[in-house]
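Below: one structure, written as structure tokens.
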Ligand SMILES: Cc1ncc(COP(=O)(O)O)c(C=O)c1O
């Protein structure tokens with residue numbers, strides 16, 4: 001029998017999609033399901049984005065394009081990141097990909113040889129571990145439990161970087177926790193990074209426009225400009241502009257890394273299609289009222305979710321300040337039962353919640369933290385309050 005490559009034995013389908021699929025199947029069977037599972041923004045981009053895509057269709061838009069990304073797209077991205085203080089980059093510092101996920105995969109291919117180590121905080125976005133596994137890299141996972149607000153401390157980072165991992169992957173604001181590092185916290189981590197010149201730094205900061213409470217977005221290079229020759233900033237249109245399926249991701253970083261990604265593009269994808277490029281330019285450089293309004297809406301929804309989390313006895317829930325996730329520690333429910341169903345862990349909890357109340361959440365073990373679960377609160381607004389009420393009732397009914 002013919003065998004697949006060994007790396008396929010290490011590749012897993014997304015655990016998040018598995019929950020979403022189950023919720024979808026229950027819905028199709030007629031159940032009333034409220035999904036807090038997938039991290040989709042659930043809004044549409046502005047009309048100017050569709051207009052730009054439509055106008056592009058009228059032209060000869062089906063040709064091969066630049067492996068790095070069209071100049072117009074790179075220029076729009078450069079202007080866009082200037083607004084968050086990432087200045088002085090040129091097109092040569094940038095490259096693009098089919099979403100941040102593809103960009104992150106290519107970065108891992110470009111920076112990690114088999115057996116190299118990539119360090120990142122736990123809880124982590126599931127794909128980090130999966131990409132490392134597929135490529136045969138070692139994951140150095142740095143536990144950041146709810147008791148430390150799911151955030152990495154300078155001492156933890158210091159100890160990790162002292163072991164000289166090839167890459168440190170940082171995610172701020174965080175998926176799955178929604179936590180945002182403050183100005184001082186980012187500055188303190190940047191001081192640690194500056195001590196260890198042997199490690200590449202990837203900042204997966206695709207939620208950088210989704211920050212609440214006037215906290216602002218901060219990057220290591222704001223505090224330590226000398227880190228620019230090894231910090232790679234990752235961004236995406238998916239969440240900010242309500243364009244997850246349009247698939248546009250970016251980096252800004254050292255020229256050598258941008259060139260490596262461009263070379264990989266020339267062998268993987270060739271280019272981002274021109275129609276998508278036109279839409280991306282319009283999103284980045286057109287009116288910004290959709291992302292601004294949505295951010296305010298998400299902040300209000302965060303408050304609504306947190307009011308319920310704070311009302312549940314025993315639940316521990318650090319208050320998120322960005323993205324659109326809440327990540328409660330639900331371990332107080334372990335060992336209890338719901339309607340005769342015993343709950344021993346996060347997966348039991350999520351299955352019982354879905355069966356009994358029709359509410360879909362993702363077990364924390366998908367993100368390396370089995371004491372918790374993830375709530376993505378981007379569902380249609382009228383569903384949020386009933387979904388939260390069912391969550392609350394489920395807890396009240398535990399025996
Ligand atoms: C932290 C993080 N990075 C990257 C991605 C990938 O985003 P994209 O849709 O641009 O591939 C996601 C998507 O959920 C994410 O949460």
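The values are calculated or read from the model by the stated rules, or taken from the named source; none is laboratory data. Keep in mind it's a predicted model, so treat the numbers as computed, not measured. All Cβ positions, glycine included, derive from the backbone under ideal geometry; neighbour counts span all protein chains shown.
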Q: Mind telling me which of the residues 366, 356, 352 ends up being in contact (Cβ under 8 Å) with a residue 24 or more places away in the chain, in the same structural domain as residue 294 (by TED's automatic domain parsing), over 16 Å from residue 313 (Cα atoms) and surrounded by fewer than 17 Cβ atoms within 10 Å (Cβ to Cβ)?
A: 356
Q. Does residue 333 satisfy the condition of being under 30 Å from residue 71 (Cβ atoms) and touching a helix residue (DSSP H, G or I) at 6+ places or on another chain (Cβ under 9 Å)?
A. no
(Q) If I ask for residues that are assigned to a helix (DSSP H, G or I) and at pLDDT 95 or above, which ones from the range 273-291 would you list? (A) 274, 275, 276, 277, 278, 279, 280, 281, 282, 283, 284, 285
(Q) I'd like to know if the range 72-86 contains one or more residues that are farther than 25 Å from residue 276 by Cα, modelled with pLDDT under 95 and touching a helix residue (DSSP H, G or I) at 6+ places or on another chain (Cβ under 8 Å). (A) no
Q: Test each condition in (1) within 21 Å of the chain's Cα centre (by Cα); (2) free of Cβ contacts under 8 Å to residues at least 40 places away in the same chain for residue 82 and report the one that comes out false.
A: (1)
Q | Those residues of the range 282-298 which are over 25 Å from residue 380 (Cα atoms) and surrounded by fewer than 20 Cβ atoms within 10 Å (Cβ to Cβ), in sequence order | A | 285, 286
Q) Checking residue 86 against (1) more than 16 Å from the ligand (Cβ to nearest atom); (2) assigned to a helix (DSSP H, G or I); (3) crowded, with 19+ Cβ neighbours inside 10 Å, which single condition isn't satisfied? A) (2)
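This table checks each residue for (1) outside the structural domain of residue 327 (by TED's automatic domain parsing); (2) under 30 Å from residue 228 (Cα atoms).
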position	(1), (2)
11	no, no
22	no, no
34	no, no
55	yes, no
60	yes, no
66	yes, yes
80	yes, yes
86	yes, yes
96	yes, yes
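Taking the range 6-21 as the search range and keeping residues that are at pLDDT below 85 and either within 22 Å of residue 385 (Cβ to Cβ) or over 22 Å from the mean Cα position of the chain (by Cα) (or both), which one is surrounded by the most Cβ atoms within 10 Å (Cβ to Cβ)? Give the derivation first.
Step one: list which residues in the range 6-21 are at pLDDT below 85, which gives 11-21.
If we keep only those that are either within 22 Å of residue 385 (Cβ to Cβ) or over 22 Å from the mean Cα position of the chain (by Cα) (or both) as well, we get 19-20.
Details: 19: 25, 20: 19.
Checked the range 6-21; the qualifying residue surrounded by the most Cβ atoms within 10 Å (Cβ to Cβ) is 19.
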Q | Condition met for residue 279 (loosely packed, with under 14 Cβ neighbours inside 10 Å, under 22 Å from the mean Cα position of the chain (by Cα) and either more than 15 Å from residue 381 (Cα to Cα) or not assigned by TED's automatic domain parsing to the domain that holds residue 238 (or both)) | A | no
Q) Any residue at all in the range 36-45 that is in a helix (DSSP H, G or I) and either within 16 Å of the ligand (Cβ to nearest atom) or surrounded by fewer than 21 Cβ atoms within 10 Å (Cβ to Cβ) (or both)? A) no
Q: State whether the residues of the range 333-341 include one that is touching a residue at least 40 places away in the same chain (Cβ under 8 Å), within 16 Å of the ligand (Cβ to nearest atom) and farther than 22 Å from residue 381 by Cβ.
A: no
Q: Kindly list the number of the only condition in (1) farther than 17 Å from residue 77 by Cβ; (2) in a helix (DSSP H, G or I) that fails for residue 270.
A: (2)
**Q.** Subset of the range 351-383 (residues that are over 19 Å from residue 323 (Cβ atoms) and under 21 Å from the mean Cα position of the chain (by Cα))
**A.** 365, 370, 371
Q) How about the range 207-224: which of its residues are surrounded by fewer than 24 Cβ atoms within 10 Å (Cβ to Cβ), in a loop (DSSP other than H, G, I, E, B) and away from the ligand (no atom under 16 Å from the Cβ)? A) 212, 213, 214, 215, 216, 224
Q.
Regarding the range 231-251, can at least one residue be identified that is assigned to a helix (DSSP H, G or I), away from the ligand (no atom under 14 Å from the Cβ), surrounded by fewer than 22 Cβ atoms within 10 Å (Cβ to Cβ) and at negative phi?
A. no
Q.
So for the range 188-206 (the condition being modelled with pLDDT of 95 or more, part of a loop (DSSP other than H, G, I, E, B), in contact with a strand residue (DSSP E or B) (Cβ under 7 Å, 6 or more places away or on another chain) and within 16 Å of the ligand (Cβ to nearest atom)), does at least one residue qualify?
A. yes
Q. Out of all the residues in the range 47-69, which are surrounded by 19 or more Cβ atoms within 10 Å (Cβ to Cβ) and in contact with a helix residue (DSSP H, G or I) (Cβ under 7 Å, 6 or more places away or on another chain)?
A. 49, 52, 53, 56, 67, 68
